[in-house]
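The next block holds one structure in the form of structure tokens; read it before the comments.
No lab work stands behind these numbers, since they all come straight from the coordinates. Everything numeric here is computed off the predicted structure, so don't read it as measured data. Quick reminder, even Gly has a Cβ in these numbers, built from the backbone with ideal geometry, and neighbours come from all protein chains shown.
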Amino acid sequence: MNGVHDMGGMDGFGKVEPEPNEPMFHADWEARVLAMVRAMGAAGAFNIDTSRFYRETLPPHVYLASSYYKKWFLGLEEMLIDKGYLTREEVAAGHAMQPAKALKRGKFDLANVERVMVRGKFDRPAPAPAKFNIGDRVRAKNMHPATHTRLPRYVRGHVGVVELNHGCHVFPDSAAMERGENPQWLYTVVFEGRDLWGEDGDPTLKVSIDAFEPYLEPA
Amino acid sequence: MFAAMSHDHDHHHDHDHSELSETELRVRALETILTEKGYVEPAALDAIIQAYETKIGPHNGARVVAKAWTDPAFKKALLEDGSKAISKLGHVSRVGDHLVVVENTPQRHNMVVCTLCSCYPWEMLGLPPVWYKAAPYRSRAVKDPRGVLADFDVSLPKDMEIRVWDSTAETRFLVLPMRPAGTEGWSEEQLAELVTRDSMIGTGFPKTPGAPS
């Protein structure tokens, strides 16, 4: 979706402000939100792509005005309601009122903690040979799905070169919408800065994205 | 999905302070519901937080970089397949799949961003800092990386290539910075002390020997 989360190339957000000796969390609730998202994801309530999609669908003014973990919290709450794990009435009351919905991988308890500390595997067996080879010139499609995609707007319509082939991976555009993993070939595609940003762009700049095969066409 | 919510919460967004305490209450309420419904065990949430606080952090990435600086065979393996090479190092935190290590050279500087969200090699670097997840960095890194580097007081030679890696999939990128001059004969442990988090994101350089830290 063409949301405000797709920020590459936008102007007006000001300077980057590193915080000296930044703490891991700025409030205790941030840590609880992180842990709840990890736990419910590991228990099978949602996949990582769906959780990203829920943050992206926050209203633009809420997305831009909310801190990082506030976005995580708002996305988590809405997602768990939509998926039937809790109800708005329970959220309003602050207590469980309905029977629980069974979790795909069961209750998240201490025995599961180790598992969330390693990132998941996303590569899958290839359903078909790769369409592109390293060195091929490819165009990022001019596509604008209203649902989740990982093709940023700033490359759409531009030509780049395939630099790496990462194998076949879970396709976020499908997984986010719970339409299956639909594995697709994944490539690193490199663009010249000036092709993306015009003649005033930095001539020494190259930008790459990791692009799933359905995002690309021969150029 | 969020249609009703945007109206309900319009009146809060300019009041950071009250929003925070309201958020705190809402987060507690959610945890109560998840616990009462038997979805999560609060002690397991505590354990996740403790693991983030103690097991991961830039010290893991620094060990990998220092080893690459001293061991050419390891460096070669690391650049070929980051996850595989690191998983063979017993003393480094467990690493997920699809980690790609990119090498800075006198000709090319690498910088990592996630313009769409906050993808970051957290097993190697810990949780990302706020600036990495915030709009200024995510918007400008792909268009004006030298401007972004200036915000970090970092400047590159005018004709050096700058390569920005936008982490748009489940691949993760770790920058292998150049080894500082004047460190000949240093041990891995000494070298690891010079490796900063930002030098592995590409928004900084390693510390130089003898410079105040």
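Label-to-label distance for A:ARG179 and A:LYS121 is 2.7 nm, based on points extended 7 Å past Cα in the beta-carbon direction.
With a 10 Å cut-off around each Cβ of A:91-102, the average count of Cβ atoms from other chains is 4.
Residues B:ARG140, A:ARG194, ranked from the fewest to the most other C-beta atoms within 10 Å, line up as A:ARG194, B:ARG140.
The ranking of A:ASP136, B:ASP159, B:ASP97 by Cβ neighbour count inside 10 Å, starting from the fewest, reads B:ASP159, A:ASP136, B:ASP97. With respect to chain A, whose longest principal axis is taken over its alpha-carbon atoms, helix A:28-42 is tilted by about 80°. Rounded to the nearest 10 degrees, the inclination of helix A:68-82 to the longest alpha-carbon principal axis of chain A is 70 degrees.
Taking Cα atoms only, the orientation of helix B:42-54 departs from the longest principal axis of chain B by about 30 degrees. Which shape class, rounded, prolate or oblate, goes with chain B when its Cα gyration tensor gives a ≥ b ≥ c as root eigenvalues, a/c under 1.5 marks rounded, and past that a/b bigger than b/c marks prolate? Since a/c reaches 1.5 and a/b is larger than b/c, the shape of chain B is classed as prolate.
How far is the Cα center of the stretch A:106-145 from the Cα center of the stretch A:175-219, in Å? The stretch A:106-145 and the stretch A:175-219 have Cα centres separated by 15 Å. The B:GLU80 and B:MET160 beta-carbon pair, evaluated with R₀ = 22 Å, returns a calculated FRET efficiency of approximately 0.35.
In this simple spin-label model, placing a label point 7 Å from the Cα along the Cα-to-Cβ direction at both B:SER87 and A:MET24 gives a separation of 2.5 nm. The shape of the stretch B:15-54 comes out oblate: with a ≥ b ≥ c from the C-alpha gyration tensor, a/c is at least 1.5 while a/b does not beat b/c.
For the stretch A:137-218, dividing the convex hull volume of the Cα atoms by the residue count gives 82 Å³ per residue. Taking the Cα centre of chain B as reference, the dipole from Cβ charges on Lys and Arg (+1) and Asp and Glu (-1) amounts to some 920 debye. Charges were assigned to the Cβ only: +1 to each Lys and Arg, -1 to each Asp and Glu. The resulting dipole of chain A about its Cα centre is roughly 720 debye. Applying 1/(1 + (r/R0)^6) with R0 = 56 Å to the Cβ-Cβ distance of B:ASP46 and A:GLU199 gives a FRET efficiency near 0.55. Separation of the stretch A:1-60 and the stretch B:152-213, taken as the distance between their Cα centroids, equals 26 angstrom. Where is the GNM fluctuation largest for chain A (alpha-carbon springs, 10 angstrom cutoff): A:PRO152, A:PRO60, A:PRO99? Greatest mean-square fluctuation among the candidates belongs to A:PRO99. Cysteines in the protein assembly as shown lacking any other cysteine Cβ under 4.7 Å from their own Cβ: A:CYS168, B:CYS117.
Here the Karplus curve 6.51 cos²θ - 1.76 cosθ + 1.60, taken at θ = phi - 60°, turns the phi angles of the stretch B:167-172 into couplings of 7, 9, 10, 8, 6, 10 Hz, with x standing for Gly and Pro.
The shape of the stretch B:96-202 comes out oblate: with a ≥ b ≥ c from the C-alpha gyration tensor, a/c is at least 1.5 while a/b does not beat b/c. Across the alpha-carbon set of the stretch A:86-162, the Rg to Rh ratio works out to 1.18, Rh being the Kirkwood radius.
Listing A:GLU19, B:GLU188 from fewest to most neighbouring C-beta atoms within 10 Å gives A:GLU19, B:GLU188. P(r) tail, the protein assembly as shown: Cα-Cα pairs separated by more than 41 Å, 15% of all pairs.
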